[in-house]
1. Which residue out of Arg209, Arg252 is at negative phi, basic (Lys, Arg) and over 10 Å from the mean Cα position of the chain (by Cα)?
2. Condition check: of a type in the set (Lys, Arg) and modelled with pLDDT under 80. Does Lys97 satisfy that?
3. Can you find a residue in segment 329-340 that is more than 22 Å from Pro279 (Cα to Cα) and either modelled with pLDDT of 85 or more or touching a Leu at 6+ places or on another chain (Cβ under 8 Å) (or both)?
4. Only one of (1) more than 30 Å from Asp322 (Cα to Cα); (2) at pLDDT 90 or above fails for Gly289. Which number is that?
5. I'd like to check something: does segment 168-184 contain any residue that is among the polar types (S, T, N, Q) and either farther than 26 Å from Thr134 by Cβ or at pLDDT 90 or above (or both)?
6. If Pro313 satisfies all but one of (1) touching a Gly at 6+ places or on another chain (Cβ under 8 Å); (2) modelled with pLDDT under 90; (3) not acidic (Asp, Glu), what's the number of the condition it fails?
7. Any chance you could count how many residues in segment 286-310 are under 22 Å from Ala330 (Cβ atoms) and either in contact with a Cys (Cβ under 9 Å, 6 or more places away or on another chain) or not basic (Lys, Arg) (or both)?
8. Would you check which residues across segment 280-314 are under 16 Å from Ala344 (Cβ atoms) and surrounded by fewer than 16 Cβ atoms within 10 Å (Cβ to Cβ) and list them?
Amino acid sequence: MSEENAHFLNGVPLFIDWIDEKGRIVKMNAYEARELSIEPTDADGGVALEQIYSSESASFLRLLAADGVQEAHSFPVWVNASAYDETPMVATAFRDKERGIAIVKQALTSAALGTAPELAERIEILSQMIGAATEACWCIEFLEPIDVSLAEDEIVDRVFSNQSRWRACNDAMARLYGVPESLDFNTQPVSRYFPDTNVNRQMIRDLVRSNYRLDHAAAIDRRHDGSEMLVENDFRAAIKDGLLVRLWGTTRDIGPHRRREQQLSDRAATMLDILSATPDPILVMSEEGKVLAANPAAESAWGRSAEQILGKPVDHFVEGRDVAARLRQAAVDGSEEDYGCDLAVTAADGSKEIWRFRAAGIEGEIRRYVLTARRKARRRARTAVMEDGR
């Protein structure tokens, strides 16, 4: 191609780039570089096809460049650079002895496509659905696709080391990671928010082992300000011709939920310690009268192991008519000063003693009752009292 022709093509309003036999973009005209926000000098060192084209278009062009072009012919391609997200174009390939092949492209308007109205409407609907979703939606596209036939550790290494970029991430994703409104999340480095850490490597390893479909996978990501964030991901993958070209899914911040779980766990442990140290027997009874829980004091006071108490009807060792009903009524009368009921408890050795039971209801979908028992003091014989008073 003559310098005069090259200069002419550099200025026409067409997208033109040159691809060598190795499948690299080695040059592009000023119009394409400007429209795709790429410095022309960057192309001189070789730009990956996936940086500009969709994965399928890049694969086709790579084969075309390897085989060479004997005569000009046209075909469709998809350009997915940041300024032209998923834009269909018609391309024509020409042979260039100096630079391999030249690819001349022109964007297809909706009027130029026979199915464009329906296709454009579907794309618009999907884009609006993802964009308006309250859950963070993301996609990582590998500019250097990964061979899924490699060893597991090699695949994991390449997920973090191969060139990649964000694609079609929604506003909820940007908000989740605290990205300033002045910045486009999709132009930020993938590693800034999804760092190479042991936790994240294990997640990718689990993804590979699950055949690239994984839900509720925990990871530690970073917000825009660098602070760590515990998240949960649902993963899906696009694998074409044995190459991993894309990962996508949804992300949720589970840090507050985990902290809440830890707080509840700590509170439960504290309550268990308190109940274990309480000298009075404490039981938890179901609405039907079965014992659901017992503290150590109940076991020692009545000489019965937990296995002999838990799951048994309370009247198994507490005597009286309608024991469960009387205990439930005691919970209703709990506001009275002297509420409760006196019941005889049979210990494991057969001995019986009177205990005063107090009850309180636990609200919830399944109603339960907390029973606290205290041994009633035996009345001293009248003669003994009189002797003491002499």
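The values are calculated or read from the model by the stated rules, or taken from the named source; none is laboratory data. This one's a predicted model, so the numbers in the text were calculated from it and none came from an experiment. Ideal geometry is used to build each Cβ from the backbone, glycine not excepted, and the neighbour counts take in all protein chains shown.
1. Arg209
2. yes
3. Yes, some residue in segment 329-340 is more than 22 Å from Pro279 (Cα to Cα) and either modelled with pLDDT of 85 or more or touching a Leu at 6+ places or on another chain (Cβ under 8 Å) (or both).
4. Exception for Gly289: condition (1).
5. no
6. Condition not satisfied by Pro313: (2).
7. 15
8. Answer for segment 280-314, where residues must be under 16 Å from Ala344 (Cβ atoms) and surrounded by fewer than 16 Cβ atoms within 10 Å (Cβ to Cβ): Gly303, Pro313.
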